[in-house]
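Worksheet: one structure, shown below.
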Amino acid sequence: MPMDNPLATFNLWAGLFGGLALFLFGMDVMTQALKSAAGDYMKDILGRLTRNRFVGVGMGAFVTAIIQSSSVTTVILVGFISAGLMSMSQSVAVIIGANIGTTITAQILAFKVTKLALPIIAGGFLISLTAKGNQWKQIGMILLGLGLVFYGMGIMSGALNPLRTYDPFIQFMISMQNPLLGAAVGALFTAVVQSSSATTGILIVMASQGLIGLESAIAIALGANIGTCITAGLASIGKPREAVRAAVVHTLFNVAGVLLWISFIPQLAELAHWMSPAAEGLTGMDRLAAETPRQIANIHTFFNVANALIFVGFTTQIARLAEWMIPDRPIKPQKAMLPKYLDDDLISTPSIALETVRTEIRRMGKRVRKMVREIMPAAITGTRADLEQVAEMDRVVDALHIAIIEYLGKISLANLSKRQSKELMQLVEITNGLEQIGDRVATAMVTSANKRIDEEVSVSAQTAEVLINYHAMVVATLNDALKAVTSQDPVLAKEVSRRKKDFSEMSRNIMEHGLGRLTADEPNRLKTYAREMEVMEILDGVFTVSRRIARTQL
């Protein structure tokens, strides 16, 4: 049917956009199922990164190949950087590796997979419908999504077939031999559909119909790498500085890589011919259609691997450049009460959302630790103004406590695995424990210290020293409990739990010291004793809650 026929035009656009919609929907289904099935393992793998940048590249490629989303990999990195578990330089290596991981899609699509679409859809649907375990259900959804990707490609392929003889389209594709125009088209299209895999998929479909030459396809594929940066940039708006820096690194790396290779497209095409199998039995358009898809996939992989090898030696410099471009902003006092890491967009990926909660708890824990550390001098010798400063810190703790609990409540509505449900309950217990410690300091300890001032009690130097040593053990215990939580270290948690015996002995010594001081010839001796024992009891409560927090990791 001629392309100037309205029905033919409608069929073309309906097939193209309908097939693209199925392709993108299948990618989304597959990605969500992969994140649900492999999210915890993915997080654990990245969490074991060493300082070796080559290991970082490999991890980034492996994780992204599994979940087929470099943006999800970047989100996890932001949490690790914020928590101090990974340096910006280490994250650069992972981001570089993530680009390699995305090329696996092109390699799969380059095979003649469209005929397998309906059997894969049927099998995936059957597994997801009948499986009892969540893991098998997710595997079924992965297959279902993959089948929809293949089916969408088949529909696009059929719709584009009439363009092989449509002169205006042929002339447009001839103009695409300009590498800058091709790169611009690839960047724009990828930015619109927000998927470089979709751009690569369409290129392979067009190549399988003989609609696009290899050099034009390479130019568009290069542009697609820049288009993905726009998606990452939009996703980082309003996010913490670490997220913005990760987006900047992604952009710097991809733009630099494209600029490096844009002038060598003819050489890349020759390399693609050399490294890809030839269809010897075919000629003309049929041979082009048979060979070009695999050539596109191979050169796409080569381009990203070569860029990784070139830039992996400059991860430290790239990180410093990103930190220079996006410097830290001082936190305004009114912003301290707002959660910094909790993001509703991540709730659909519980494993990552729980990791951001752990990062926010770390921030809350720093505030509580500062309160506990600073209350002791104020409690025994400070003024009312000193006590008010410590009490004011609890406003931030209370606000973060509410925000974290609300966020955990939202996560609890998602489809959680047993491991994730257990981790969620642990985080609730930890958050509540930190809030209790804040209240003990801001309410109980401040109230006791104000009584000391009202009653004109003066703690002796000898007793002050005893209480300060007691307080130091409480601070150390809280500090180690927080370390055990943020690093999920059961060994340290067990060591904290075993301190109860030593602490109980220290408590008895303080009580005996206080009883011995009752007979001292000093004014307000009974009131002094009451205030001293009150401080000890409050610190004992802080120790008990700290120990309970540590025990969540056992």
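Going by average Cβ neighbours within 10 Å, how do the peptides 178-186, 119-127 rank, with the highest at the top? Could you put the intermediate results ahead of the total?
On the way: 178-186: 19.3, 119-127: 16.4.
Ranked from most to least packed, the peptides come out as 178-186, 119-127.
Given R₀ = 41 Å, what would the calculated FRET efficiency be for GLU512 paired with SER87, taking r from the Cβ atoms and rounding to 0.05? Write out the running numbers ahead of the final one.
Details: r = 49 Å, r/R0 = 1.21.
For R0 = 41 Å, the calculated efficiency reads 0.25.
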Using θ = phi - 60° and the Karplus relation 6.51 cos²θ - 1.76 cosθ + 1.60, list the HN-Hα couplings for the stretch 251-267 in order, rounded to whole Hz, with x at every Gly or Pro. 5, 4, 5, 5, 5, 4, x, 5, 4, 5, 9, 4, 7, 10, 4, x, 5
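Report the extension gain between GLN389 and LEU260 in nm, rounded to one decimal, defined as 0.36 nm multiplied by the number of residues separating them, less their alpha carbon distance.
So the extension gain works out to 40.8 nm.
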Cut-off 20 Å (backbone N to label point 7 Å along Cα→Cβ of GLN462), residues of the stretch 367-403: 380-381
Net charge dipole size for the stretch 335-551 [Lys, Arg +1 and Asp, Glu -1 on Cβ; Debye, nearest 20]: 740
Order of LEU22, LEU259 from fewest to most other C-beta atoms within 10 Å? LEU259, LEU22
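Name the GluC sites (Glu not before Pro) in the stretch 358-465 that are in a loop by DSSP and that have at most 16 other C-beta atoms within 10 Å, would you?
Counting only loop positions with at most 16 other Cβ atoms within 10 Å, the GluC sites (Glu not before Pro) in the stretch 358-465 are GLU455, GLU456.
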So for each of 286-293, 199-206 I average, over its residues, the number of other beta carbons within 10 Å; can you give me the resulting order with the highest mean first? 199-206, 286-293
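Read-outs: derived from the displayed coordinates by stated rules, not from any lab. Since this is a predicted model, take the numbers as computed values, not measurements. Neighbour counts run over all protein chains shown; Cβ positions are idealised from the backbone, glycine included.
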